[in-house]
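Participant: Questions regarding the structure given below will be posed in turn.
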Amino acid sequence: MGFESLLKELAGKFDSKINGYTQYGCNFINAPADIAKEVLKSLKCDYGFTYLVDIVAIHWPKKNEKFELSYNLFNVDKKLRVFVKVALAEPEFETVTDIWKSADFLEREQYDLVGVTFKGHPDLRRILMPDFFEGHPLRKEYGLKDRSWFNSVDEQNLGIKFTK
């Protein structure tokens, strides 16, 4: 099964609520947020996309749907990769840890860096940034020049100060 036939089957299954395209050799499927989890589950269970490679959250502050999730899925048997894109007005979506266990750390990373909350996640907490860190560094409004958080804690009590 190629990407075009997969797209036709999915469009039929989900009443043409999804669309897709190929650009620069990559296959993209746009799924509305209200059915996106069903589409993702179908891709794994019905079409063999058993490998969740990555989840990426993007912040688009000037768009109506300010956040976008991109699920990088791979069908190992057919050697077919698709990116499922989900546009969100608010930084909140259902967890897919019940579909792919590997989503656990991937969702925590996006929660930590972009601030997307995954409803139903078994352990949603920071994974890369320290607990005292405020904000989400990959959001477009995050001030990159402000490093005041960096000086606020000497984690090992060594008297180290990180200053310019």
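Participant: If we scan region 37-52, do we find a residue that is under 26 Å from Gly115 (Cβ atoms) and in a loop (DSSP other than H, G, I, E, B)?
Facilitator: no
Participant: Same structure again: Out of (1) of a type outside the set (Asp, Glu); (2) under 13 Å from Ile99 (Cβ atoms); (3) surrounded by 15 or more Cβ atoms within 10 Å (Cβ to Cβ), what's the single condition that is false for Asn27?
Facilitator: It fails just one condition, (2).
Participant: Have a look at Ser102, Ser42 and point out the one that is surrounded by 14 or more Cβ atoms within 10 Å (Cβ to Cβ), among the hydroxyl-bearing types (Ser, Thr, Tyr) and within 30 Å of Phe132 (Cα to Cα).
Facilitator: Of the residues listed, the single one that is surrounded by 14 or more Cβ atoms within 10 Å (Cβ to Cβ), among the hydroxyl-bearing types (Ser, Thr, Tyr) and within 30 Å of Phe132 (Cα to Cα) is Ser102.
Participant: Additional query: For region 113-140, which residues satisfy the criterion of being on the phi > 0 side of the Ramachandran plot and either over 16 Å from the mean Cα position of the chain (by Cα) or hydrophobic (A, V, I, L, M, F, W, C) (or both)?
Facilitator: Of everything in region 113-140, just one residue is on the phi > 0 side of the Ramachandran plot and either over 16 Å from the mean Cα position of the chain (by Cα) or hydrophobic (A, V, I, L, M, F, W, C) (or both), namely Gly135.
Participant: Before we move on, is Val96 buried (at least 18 other Cβ atoms within 10 Å of the Cβ), touching a Pro at 6+ places or on another chain (Cβ under 6 Å) and on the phi < 0 side of the Ramachandran plot?
Facilitator: Criteria not met by Val96.
Participant: Among the residues of region 97-129, write down those that are among the β-branched types (Val, Ile, Thr) and within 26 Å of Gln23 (Cα to Cα).
Facilitator: Within region 97-129, just Val114 meets the criteria.
Participant: Tally the residues that are touching a residue at least 40 places away in the same chain (Cβ under 8 Å) and within 17 Å of Glu38 (Cα to Cα), restricting the search to region 60-107.
Facilitator: Matching residues across region 60-107 total 14.
Only the coordinates and a few stated rules stand behind these numbers; no lab work does. Predicted model only: the values in this text are computed from it and were never measured. No Cβ is skipped: glycine too gets one built from the backbone with ideal geometry, and neighbour counts run over all protein chains shown.
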